[in-house]
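The values are calculated or read from the model by the stated rules, or taken from the named source; none is laboratory data. Small disclaimer: the values here were computed from a predicted structure and weren't measured. Backbone-built Cβ (ideal geometry, glycine too); neighbour counts: all protein chains shown.
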Amino acid sequence: MEKIPNTPIYCTENAVKSLVGQYHHSEWNFKTVKTGDSVDIGNGKSLVFVEMRMLHWPDSMATYMTGDNILFSNDAFGQHFAVEELWADKADQCRLWEEAMKYYANILNPFSPLVKAKVEEIQKLNLPIDIIATSHGAIWRENPMQIVEKYYEWSQAYQENQITIVYDTMWDGTKKLAHKIAEEIAKQSPDTRVKIFNISKTN
């Protein structure tokens, strides 16, 4: 910013607090934006901003570019996964969806009510989305809304009649205990599905 001191910084109110807190330059040219705000970037195109608070940082924000119909989704809809050709449709689909689900479970699941509300908000904006470009992971271009629909599905209240037993073991003692617990659950509640995972061998 020393080289380009008057450059506008478009960000959320929380991002201003974060940047000033880290860099101590409240004089920077901050342009605070909210969901639905936009800026004209020329050639008939605009950037439309969508606040994504706690998905998964307080200052998170997505940006939609009109004309090219690209949603730059920040951390949402991503994976801890790389594809040589960048595109989700070029990835092994089993691996892609496994990574997408794992990412949601590990990063965004605690914020599922916010995910649900944000997906509904994005849908109400009625923006044509041809590409979803995440901050990390494969870029969605073939039916990009499929990952949005999955996020909405994953954000719903958990309703399966299921118990998951997660264990690790050195000498198989804990393994025996885990399986014994599963047996007792099956006796007490035959309709309950029980899954057992050794975390040292299973993701």
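Test of understanding: among T7, T12, which residue is outside the structural domain of S73 (by TED's automatic domain parsing), farther than 24 Å from F77 by Cα and at pLDDT 95 or above?
Of the residues listed, the single one that is outside the structural domain of S73 (by TED's automatic domain parsing), farther than 24 Å from F77 by Cα and at pLDDT 95 or above is T7.
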- Residue count for segment 52-75, restricted to those that are aromatic (F, W, Y), closer than 20 Å to Y104 by Cα and either in a strand (DSSP E or B) or in contact with a Pro (Cβ under 9 Å, 6 or more places away or on another chain) (or both): 1
- Scan N69, N126 and give me the residue that is modelled with pLDDT of 95 or more, out of contact with any Phe, Trp or Tyr (no Cβ under 6 Å at 6 or more places or on another chain) and at positive phi. N69
- Give the residues of segment 36-57 that are under 14 Å from E121 (Cα atoms) and basic (K, R), sorted by residue number. R53
- Message: When you scan segment 90-104, do you find a residue that is crowded, with 17+ Cβ neighbours inside 10 Å, of a type in the set (A, V, I, L, M, F, W, C) and in contact with a Cys (Cβ under 8 Å, 6 or more places away or on another chain), even just one?
- Response: no
- Item | Entirely in segment 105-191, the helices (runs of 4 or more DSSP H) that have 3 or more residues that are in contact (Cβ under 8 Å) with a residue 60 or more places away in the chain, out of contact with any Leu (no Cβ under 6 Å at 6 or more places or on another chain) and under 19 Å from M61 (Cα atoms) | 112-125, 145-154
- Query: For residues in segment 154-172 being surrounded by 10 or more Cβ atoms within 10 Å (Cβ to Cβ) and under 17 Å from P110 (Cα atoms), which is modelled with the lowest pLDDT?
  - Reply: Q156
- Message: Taking the conditions exactly as written (in contact with a Gly (Cβ under 9 Å, 6 or more places away or on another chain), on the phi < 0 side of the Ramachandran plot and either outside the structural domain of A15 (by TED's automatic domain parsing) or outside any loop (DSSP other than H, G, I, E, B) (or both)), does H80 satisfy them or not?
- Response: yes
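Look at V39 and say whether it is crowded, with 21+ Cβ neighbours inside 10 Å, modelled with pLDDT of 95 or more and over 18 Å from the mean Cα position of the chain (by Cα).
On the way: crowded, with 21+ Cβ neighbours inside 10 Å: no; modelled with pLDDT of 95 or more: yes; over 18 Å from the mean Cα position of the chain (by Cα): yes.
No; evaluated as a whole, the condition is false for this residue.
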